[in-house]
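Enquirer: This structure is in structure tokens; I'll ask about it shortly.
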Amino acid sequence: MSGFPTVNFSETDEGLFTPTEIRHLMRVEYDRARRYGYPAALVMIAVDRLEYLHDLYGWESKEEILQGVIKALRATTRDSDFLGCMQDDHIMAVFPHSSEETITSIATRLLRVCRDIDFRSDGRSLRATVSIGISTLKQGGKEDFAAFLSTAEEALEFASRSGGDRYVRRESATDVIEELRQDIAEEAQRLVEEQTASEPAVAVDFGDMPETELGRSLRELFNEHAHTHGTPGILGLEEDVVRVAEHALFVAREEAVQAASTERKEQVDQLERRVAKLKELLDTTETELLEVARMKGIESGVASIYRTVQGLRDDEAAFGQKKEMLSLIFEANLKLQKRRDA
Amino acid sequence: MTEENKDHGVLYMGIDLGTSRTSVSASNGIRETVASYVGYPKDVVSQKLLKKDVLFGAEAVKHRLSLRFYRPLEHGVLKSSEKGKSGDYEENVRAAQDLIAEAIRLAKPRKDELVYAVIGAPAQAQIHNKEAIIDAARATVDSVMLCSEPFAVAYGLDWLDDVLVIDIGAGTVDLCRMHGTMPEDTDQITLNTAGDFVDQQFSELIAEKHPEAQFTIQMVRGIKERFASVAAEMEKCVVDLPVKGKPTSFDLTDPLREACRRMVPPIVEGLGQLVATFDPEFQGRLKNRVLLAGGGSMIKGLDSAIQEEMHARLGEGTVVRIEEPIYGGANGALKIAHDMPTDFWEQLK
């Protein structure tokens, strides 16, 4: 906590933390969840087409709808969850100790509750739906704070763009890739250890080469030859031959070690290439899934702002005149339909 | 609302089913427009190539050579809509049905919502046409009503008393006199000197002035939509048209201006008829409350040209162009749908 600025928690009129406060709380919860390895979730909520409702029915109706959604959110969440308001009338909620299942269940409930609220504006029955973007931090997740936040924002935007009245849970690819990287690092370490265990201790300084079996055999052969022939020059020749033979032996061994090392390096490189490819595949799959979800969103449609048939209001300008005109339109259509059915 | 469907929302739609484009405004905030072209792949090969059973709007125009290509509305009404008159009837009805379904799909209705639509029909559409439009719409909506297009425009803007509405589409120019009640047949005039007429005139003038130029009606329409104006000082309309296969630049400013101006006299003549048969006490007020709507109203300087012609022929006149020519009809139809009482909708289900 010492690294964070001090914030005086003063909930807003709606009973929500301010944007600064909720971000601070989210940061604290995020760090705590990372430190102690428990799951947490960040949820961004927006009322669908709120600006449109604002334009149609004015500021008061917009506020009433927001209050209704906040009330529904309060009823759906626990006391230990934090709710805050963000810019653009978005609501942010932080859910510590909440698994993916818990969060999706909360989101489903919240969508249903919001859908069921019957808002009234000047006697009209309005319907408001919400879009929810969820970002979850898994146990032991390595995702950074910025990614955690932006994932929730992206998910919210995606839910809104897909027609609203839905939640979208997005999991950053960071953790998945991090897990793969860790596996690769462990595999590389294992290969290095294997290699080390299989290699003999080799000295490469030819000035101080240890005596080998080949060297001993050659020396014995030359000794026997010197005793037989008694030639003093044979001793010099012996040294030269032994040195050359041992050098050739060391070179051959070094080449073998190098070949084995290259082979292992290639294996590591190949694994790293596979990780890169998997990451690319993951990104592509994620994009495709978003596209599919977008298409699905189009099919599921965008909710009307009206729950029931509205009808002309008594206090409408030129009420009598319009009522008469609407009756005439209806009668003409009824006549048309009867003619058609006949 | 009954108990079993009280959880359903009601999606209202206003549809302006036009010869050139179909616009939709819905109560979920969505407004869309699609060019009124429908195409079906000619054969299995083109179907495989296009990967679709039916294409709409610009996409259909782009691939029209591989398609059985339909513009289901002509002069503002369904082509050959009197059964038995033409072999094309079934195909045109099918194309119109698909076009209406596409317009409704563009408004993204939810499956669990009731869809109530008001469709703007040409002011003097024949009964067979109206039936055909209703047939086309009923497949995709829960309840549908038709209303006169110019009336929808005026209703949407709350101009209900002593107003003359000019709704210029591609197929027809609808003139409608509003005087506080539902306009009757005598309050409405439909002219054929609309967008397609301008295209035809423009084509003839180009052919006359530049006989070597090669062009199609689609190309002419594209040029018109880009440069159309009746103003004396207008943007130069210089375009490339092929001459024996070689793109060649032509200055079509004068032919285009002339073609566009040819639609003004019939409109003012029609307005004159509607004014002349109105209560003399209110004729002055009527002439000074003229609403210009529809895609054709986007021709630059048209409001001023009509106003000048009115001054010349009728002594006075004030023409106001609506803010959203493309969606004026659809917005008005949406407002009618919204204001319509519950039991009216229920009875037409």
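Enquirer: Mind checking which of B:Leu175, B:Val239, B:Ala137 is farthest towards the positive end of the range B:126-267's charge dipole, using Cβ charges of +1 (Lys, Arg) and -1 (Asp, Glu) about the Cα centre?
Expert: So the residue furthest toward the plus end is B:Val239.
Enquirer: Further question: Mind checking B:336-349 for the average number of partner chain beta-carbons within 10 Å of each residue's beta-carbon?
Expert: 5
Enquirer: Let me ask something additional. From the phi angles alone, apply the Karplus equation (6.51, -1.76, 1.60; θ = phi - 60°) to the range B:47-63 and give each ³J(HN,Hα) in whole Hz, x where the residue is Gly or Pro.
Expert: With the stated coefficients, the range B:47-63 comes to 5, 5, 5, 7, 6, 9, 8, 8, 10, 10, x, 4, 5, 5, 4, 4, 9 Hz.
Enquirer: Here's a follow-up. Which of the residues in the range B:145-191 lose at least 50 Å² of accessible area when you go from the chain alone to all protein chains together (probe 1.4 Å)?
Expert: Buried by 50 Å² or more upon assembly, which counts only protein chains, are B:Tyr155, B:Leu160, B:Met182.
Enquirer: I'd like the distance separating the alpha-carbon centroids of the range B:277-349 and the range B:209-267, in whole Å.
Expert: 28 Å
Enquirer: What size of dipole, in debye to the nearest 20, comes out for the protein assembly as shown about its Cα centre when the only charges are +1 on Lys and Arg C-beta atoms and -1 on Asp and Glu C-beta atoms? Write down the numbers at each step before the final one.
Expert: Working: 84 positive and 118 negative charges, 532 e Å.
That gives a dipole near 2560 debye.
Enquirer: For n ≥ 4 DSSP H runs only, could you compute -39500 (n - 2.57) per run for the protein assembly as shown, divide by its residues and tell me the 222 nm figure to the nearest 500?
Expert: Numbers: 21 runs with 348 residues, N = 691.
Result for the protein assembly as shown: -17000 deg cm²/dmol, rounded to the nearest 500.
Enquirer: Using θ = phi - 60° and the Karplus relation 6.51 cos²θ - 1.76 cosθ + 1.60, list the HN-Hα couplings for the range A:51-65 in order, rounded to whole Hz, with x at every Gly or Pro.
Expert: Coupling constants for the range A:51-65: 5, 5, 5, 4, 4, 6, 10, x, 5, 4, 5, 4, 5, 4, 5 Hz.
Enquirer: For the range A:72-128, what class follows from the C-alpha gyration tensor (a ≥ b ≥ c being the square roots of its eigenvalues): rounded when a/c is under 1.5, otherwise prolate if a/b is larger than b/c, else oblate?
Expert: Here the range A:72-128 falls in the prolate category.
Enquirer: Mind running the shape call on the protein assembly as shown? Use the C-alpha gyration tensor, a ≥ b ≥ c as the square roots of the eigenvalues: rounded below 1.5 for a/c, prolate if a/b tops b/c, oblate otherwise. Show your work: numbers first, answer last.
Expert: On the way: a/c = 3.38, a/b = 1.97, b/c = 1.72.
Prolate shape, in that a/c is at least 1.5 and a/b is the bigger ratio.
Enquirer: Pairs to check: A:Lys323/B:Lys287; A:Lys335/B:Lys349; B:Lys48/B:Lys108. Give those whose C-alpha atoms are more than 18 Å from each other in this structure.
Expert: Numbers: A:Lys323/B:Lys287 26 Å; A:Lys335/B:Lys349 14 Å; B:Lys48/B:Lys108 27 Å.
The answer is A:Lys323/B:Lys287; B:Lys48/B:Lys108.
Enquirer: Amide H to amide H under 5 Å from B:Arg321: which residues, 5+ apart in sequence or cross-chain, H placed 1.01 Å off N in plane?
Expert: Under 5 Å from the amide H of B:Arg321: B:Leu292.
Enquirer: Here's another thing I want to ask about it. For the range A:244-254, just list the computed ³J(HN,Hα) in residue order, Karplus coefficients 6.51, -1.76 and 1.60, θ = phi - 60°, integers in Hz, with x standing in for Gly and Pro.
Expert: 4, 5, 5, 4, 4, 5, 5, 4, 4, 5, 4
Enquirer: Counting only protein heavy atoms, what percent of the accessible surface of the protein assembly as shown is carbon or sulfur at a 1.4 Å probe? Could you put the intermediate results ahead of the total?
Expert: Working: 17290 of 33720 Å².
Heavy-atom surface of the protein assembly as shown belonging to carbon and sulfur, 1.4 Å probe: 51 percent.
Enquirer: Still on this structure, I have one more. Pulled fully out, how much extra length does the chain show between A:Arg190 and A:Arg32, if you take 0.36 nm times their separation in residues and subtract their Cα-Cα distance?
Expert: Here the segment from A:Arg190 to A:Arg32 would lengthen by 53.6 nm.
Enquirer: To continue, here is another question. Determine the sum of side-chain charges near B:Thr253: Lys and Arg each +1, Asp and Glu each -1, restricted to other residues whose C-beta is under 9 angstrom from that of B:Thr253.
Expert: Net of charged neighbours comes to -1.
Enquirer: Does chain B come out rounded, prolate or oblate, given a ≥ b ≥ c as the square roots of the eigenvalues of its C-alpha gyration tensor, rounded meaning a/c under 1.5 and, failing that, prolate meaning a/b above b/c?
Expert: It is oblate, given that a/c is not under 1.5 and a/b is not larger than b/c.
Enquirer: Checking an interface number: how much accessible area is buried between B and A, summed over both chains, with a 1.4 Å probe, in Å² rounded to 100?
Expert: Result for this pair: about 3900 Å² buried.
Enquirer: Here's something else I'd like to know. Given H placed 1.01 Å from N in the peptide plane, which residues other than close sequence neighbours of B:Ala121 have an amide H under 5 Å from its amide H?
Expert: Here B:Cys147, B:Ser148, B:Glu149 satisfy the definition.
The values are calculated or read from the model by the stated rules, or taken from the named source; none is laboratory data. Model, not experiment: these values are computed from the prediction. Because the Cβ atoms are built from the backbone with ideal geometry, glycine has one as well, and the counts that use them run over all protein chains shown. All accessible areas refer to the heavy atoms of the entire protein, side chains included, with ligands and DNA or RNA removed. Shrake-Rupley method; radii C 1.70, N 1.55, O 1.52, S 1.80 Å.
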